[in-house]
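The values are calculated or read from the model by the stated rules, or taken from the named source; none is laboratory data. On a predicted model such as this, the values are computed, not experimentally measured, just so you know. Note: ideal-geometry Cβ built from the backbone for every residue, glycine included; neighbour counts use all protein chains shown. Side chains are part of the model used for accessible areas, which takes the heavy atoms of the whole protein and leaves out ligands, DNA and RNA. Shrake-Rupley method; radii C 1.70, N 1.55, O 1.52, S 1.80 Å.
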Amino acid sequence: VSSEYDTDQHNIFAAPPAQHDAHKQLHVDHVPAPAPAAAPQDRHDPAQELIKSPLNLPATVDTSYTIPETTILSHAPGWTVFRNIYMSNGTMYIVTSRPSSFPDITMMTSTGLAAENTPENIAARMPTSEDMAFITPQEAQDFWGGDGSHEKNRIWSVPGNSFIINEPSQFLDHYYHFCAEWLFGAWAFWQGAWNANVDPQNAALTTAPPVHRAIFANAGAHGWRDRPGFNSYVFRSAFPALTVEVLEDWEDRIIATSSPTAPRRAWHFATVLFSDRSASFRGPICGSQTQRIAAEATEHMRKAGNLTKLWWEPVRRAVLRFAGVDERIQNVGVRADAFMAGRAGLLAGQAEGTGTRATSGMRDSEVVITYISRQASRRHLLDPDHTALVAALEEMVKKHGWELNVVQAEKLSKEQQLSIAARTTVMLGVHGNGLTHLIMMPVTPVSTVIEIFYPGGFAHDYHWTAHALGMRHFAIWNDTYHTYPNEPQVNYPEGFQGTEIPVYPPTVVKVIEDRIAGLHPL
């Protein structure tokens, strides 16, 4: 992931207060306006009576003669799970007799335009009633209803569970932003919305309902695919039965409901996770703290108590199984956790008679250090520093009996890359797309991501993702390191993107050895 896509995303996405008030009339003229949006800290959840427990959700209704009202299962800025939402002529319609009980549409959607760091673009991405509108049940009947006896409603249901992704390809066509940000947040929110459980005996199993389709409403067939091909590989292997629709398909749906010579028609979506990048950046966590849209999803579900420690494992396991990774390797994190739970009273060092470290729950032979080399890419270490780092790592693993992988991703197949990531304990490298593979690492008590920056530089990408998974992250500035709670501020100094990034190998070796020894706990 190149930092030019990440630089100052807060400024790119956030709307100034003056623009936030510019579109308070959010729906067609004859529809009563909802109450003004609440303060950010109060609008994460709509009124509780609109949030239906999964156990109380009705079965899919026949819309031939009824038009069920829209409800929300869960909401955070940029992430909303709807029941019974409608689309006609490109507008998402919320059918409700109580529009003021819903979140403001600025926290749910946008115009779907690409983001630029200008006041004009920020204003252009603010949604209007053409993007999402509230209508009453009677108005819905007037729009799409039959005569109640012989003529059926002009509503065509899309059954099952859908993801509607309302953002352009600007970020979707990058491995990190698609897999470690959008998919990461979508799966966290989807599982959390249903308060799903993951089977600790078989972490590939989840009680979350299946996802039947993903609709990229503003990205074409190539708009959600990255050049190395990992987005489609991960998405298809994690959700093998998934149907994907793209911009052209969404336009087909729009055209089908917008004929000037036919009565109004609508599509009815039974259950939808609706996500919007610009709306996430209007939230306090993404917009002001992390600049990661998944942060709004994961933090909301953590606070609700709906995100288990193993929440990401079903996706990870599905991908690794597809890549041919042995189940024993997939289970490294689970075994380490089980050992630590049973040996919690042991002192640091080796657990007597087992060969397993009481600080990590792992044998030395299971400790795997993976260095993602970027020496063939435009952003990389000084050549002498790279050579010295490899030599220092080789000496370190020989001393401890650990495994070392020096990876040039462009020379390996996807399966080879995923196989290495699946057993990696410590992943390190210069800030870049290869570190996205951390989402396939096992989460153990000592799982670590070490990110090397040009001194003075820092980005949230892998730092946030590592912490969200329960791993420790270290930012290396040549001969110093920074870690929670003393992370540096986001900064992209001159040299950040260059080929002369320095690193002092003894600093990296010390961080790794200390971490495996149980220092720097989470």
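Considered as a group, the residues in segment 372-415 that are over 27 Å from the mean Cα position of the chain (by Cα) and part of a loop (DSSP other than H, G, I, E, B) include one that is farthest from Leu435 (Cα to Cα), and that residue is Gly401. Taking residues in segment 201-215 that are within 29 Å of Ala336 (Cα to Cα) and in the same structural domain as Thr243 (by the TED database), and partners anywhere that are open to solvent by less than 70 Å² (accessible area, probe 1.4 Å) and in a loop (DSSP other than H, G, I, E, B), the pairs with Cβ atoms closer than 6 Å and at least 6 places apart or on different chains are Ala203/Leu310; Leu205/Asp199; Thr206/Ala196; Thr207/Ala196; Ala208/Trp194; Ala208/Ala196.
Looking at segment 503-519, is at least one residue more than 26 Å from Lys399 (Cβ to Cβ) and acidic (Asp, Glu)? For segment 503-519, residues more than 26 Å from Lys399 (Cβ to Cβ) and acidic (Asp, Glu): absent.
Residues in segment 155-181 that are open to solvent by less than 10 Å² (accessible area, probe 1.4 Å), within 17 Å of Phe281 (Cα to Cα) and in a strand (DSSP E or B): Ile165, Glu167.
Checking Val430, Val426, Val443 one by one, the residue that is closer than 27 Å to Ile293 by Cα, in contact with a helix residue (DSSP H, G or I) (Cβ under 6 Å, 6 or more places away or on another chain), open to solvent by less than 10 Å² (accessible area, probe 1.4 Å) and not small (Gly, Ala, Ser) is Val426 and no other.
Segment 191-277 holds strands (runs of 3 or more DSSP E) entirely within its bounds, and those carrying 2 or more residues that are under 19 Å from the mean Cα position of the chain (by Cα) map to 213-218, 266-275.
Between Thr261, Thr257, the distinction of being of a type in the set (Ser, Thr, Tyr), at pLDDT 95 or above and closer than 24 Å to Trp156 by Cβ belongs to Thr257 only.
Yes or no: Thr436 part of a loop (DSSP other than H, G, I, E, B) and either among the basic types (Lys, Arg) or buried (at least 23 other Cβ atoms within 10 Å of the Cβ) (or both)? The answer is no for Thr436. Screening Ser110 on (1) open to solvent by less than 10 Å² (accessible area, probe 1.4 Å); (2) over 22 Å from Ile254 (Cβ atoms); (3) among the small types (Gly, Ala, Ser) shows it passes everything except condition (2).
For the condition modelled with pLDDT under 95, surrounded by fewer than 23 Cβ atoms within 10 Å (Cβ to Cβ), under 29 Å from Gln291 (Cβ atoms) and small (Gly, Ala, Ser), Ala196 qualifies.
Of the residues making up segment 325-336, one or more are open to solvent by 20 Å² or more (accessible area, probe 1.4 Å) and modelled with pLDDT under 85. Whenever a residue of segment 384-397 is over 16 Å from Ile516 (Cα atoms), its partners that are modelled with pLDDT under 95, lying with C-beta atoms within less than 7 angstrom and at least six residues away or across chains, give the pairs His386/Gln375. Give me the residue from segment 89-107 that is open to solvent by less than 10 Å² (accessible area, probe 1.4 Å) and part of a strand (DSSP E or B) and, out of that set, farthest from Ala219 (Cα to Cα). By that ranking, first place goes to Val95. Does segment 502-513 contain any residue that is farther than 26 Å from Cys179 by Cβ, open to solvent by less than 10 Å² (accessible area, probe 1.4 Å) and at pLDDT below 95? So far as segment 502-513 goes, no, none of its residues is farther than 26 Å from Cys179 by Cβ, open to solvent by less than 10 Å² (accessible area, probe 1.4 Å) and at pLDDT below 95.
Among the residues of segment 288-310, those that are of a type outside the set (Val, Ile, Thr) and crowded, with 24+ Cβ neighbours inside 10 Å comprise Gln291, Arg292, Ala294, Ala295, Glu296, Ala297, His300, Met301.
Only one entry in Phe189, Phe184 is more than 30 Å from Ser100 (Cβ to Cβ), open to solvent by less than 10 Å² (accessible area, probe 1.4 Å) and aromatic (Phe, Trp, Tyr), namely Phe184.
It is to be established whether one or more residues within segment 115-136 are within 21 Å of Thr66 (Cβ to Cβ), open to solvent by 10 Å² or more (accessible area, probe 1.4 Å) and not in a strand (DSSP E or B). The answer is yes, given that some residue of segment 115-136 is within 21 Å of Thr66 (Cβ to Cβ), open to solvent by 10 Å² or more (accessible area, probe 1.4 Å) and not in a strand (DSSP E or B).
Filtered by the rule that a residue be more than 21 Å from Ser447 (Cα to Cα) and buried (at least 18 other Cβ atoms within 10 Å of the Cβ), segment 380-413 gives His380, Leu381, Asp385, His386.
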